[in-house]
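A.B. asks: Have a look at the structure that comes next, please.
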Amino acid sequence: EAYQSTKAYFLELAGRVTRLLNEVGYDYCPGDMMASNPSWCLSLDEWKAQFSKWIFEPSPKAVMYCTIFFDYRPIYGPKELSAQLTEHIFKIIEGQAIFLGFLAKDALQNPPPLTFFRNFVVESSGEHKDEFDIKARAMMPLADAARVLILDAKVGKINNTFRRFEKLSELEPLNKELYQQAADAYEILMRYRALQGLKNKNSGRYFNPSELSKMERVNLRNCFQPIKELQTLLSLRYQLAYLR
């Protein structure tokens, strides 16, 4: 009974928060990956069980959930709850190379967004036809790579992509330059998205590359090089050529 009343309280709270966020301009998640979804209102033990299932049974859907929920961080309340969850995750990942392999493989789903002639890969149809998706094509490949590598390094409490690459540059001196380039690229991409959002009064995710200046297009293209190098690193480190 106490469990049900506690869950009902947090679901009502989450519903209010998501509604208020929507009112100030944040779009609702089309996949319902929000705190107001009862599926994601769980106790600590339930979250441990959920992560264990995803890690031991890494189906495509489980891997997709991991790319979302591995970026959790405590906002309010006892931080030891998230610390216990992190400790649990690192403990069960130990020896689960196959899971990290699937997570790394997922990070390769979006290759560097340039055509053979170095033009931007844009949407071919739909509402955003001929527009560039900076989130899926450029930011997510960097965020996904950072997530795999930081998990493998068993580093918790860093959920920011820029800071993850900074930490990785400390942990792997041989790849320091690549990780610093990736961190810089991610920061530039975030700035571009924010500027496009302000200009177009939307999320800034989609925009027409032809409307950028020549220098802006060059700067964006330079951000794509670390994506290519990171994906090569992941492919070799996790032997993805042998993973089916």
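A.B. asks: Looking at region 41-134, which trypsin sites (Lys or Arg not before Pro) are DSSP coil and have at most 13 other C-beta atoms within 10 Å of their C-beta?
C.D. replies: Those that pass, being in a loop and sparsely packed, are Lys79, Arg118, Lys129.
A.B. asks: Here's something else I'd like to know. Using alpha carbons only, how many degrees (0 to 90, rounded to 10) separate the axis of helix 60-69 from the longest principal axis of the chain?
C.D. replies: Its long axis makes an angle of about 80 degrees.
A.B. asks: Using the count of nearby Cβ atoms within 10 Å as a rough guide to exposure, how do Ile89, Ile188, Ile68, Ile227 rank from fewest to most?
C.D. replies: Ile68, Ile188, Ile89, Ile227
A.B. asks: With Cβ to Cβ distances under 12 Å as the rule, what net charge do the other residues near Tyr238 carry (K, R +1; D, E -1)?
C.D. replies: That works out to 0.
A.B. asks: Per residue of region 22-32, in order, report the coupling 6.51 cos²θ - 1.76 cosθ + 1.60 (Karplus, θ = phi - 60°) as ³J(HN,Hα) in whole Hz, putting x for Gly and Pro.
C.D. replies: Residue by residue, region 22-32 yields 5, 5, 9, x, 7, 5, 5, 5, x, x, 6 Hz.
A.B. asks: If you don't mind, another one. Angle, helix 97-106 long axis vs. longest principal axis of the chain, Cα atoms, 0 to 90°, nearest 10?
C.D. replies: Approximately 50 degrees, to the nearest ten.
A.B. asks: Using +1 at the C-beta of Lys and Arg and -1 at the C-beta of Asp and Glu, which of Pro113, Asn175, Leu212 has the Cα lying farthest in the positive direction of the dipole of region 97-242?
C.D. replies: Of the listed residues, the answer is Leu212.
A.B. asks: A further question follows. Once the Cα atoms of helix 214-237 and of the chain are each reduced to a long axis, what angle between those two axes, in degrees from 0 to 90 to the nearest 10, is obtained?
C.D. replies: 50 degrees
A.B. asks: With charges only on Cβ, +1 for K and R and -1 for D and E, what is the dipole size of the chain about its Cα centre, in debye, rounded to 20?
C.D. replies: Here the chain has a charge dipole of around 400 debye.
A.B. asks: May I ask for the net charge around Lys135, where only other residues with Cβ less than 13 Å from the Cβ of Lys135 are counted and Lys, Arg are +1 while Asp, Glu are -1?
C.D. replies: Net charge around Lys135: -2.
No lab work stands behind these numbers, since they all come straight from the coordinates. This is a predicted model, so every value here is computed, not measured. FYI the Cβ positions are ideal-geometry reconstructions off the backbone, even for glycines, and counts take in every protein chain you see.
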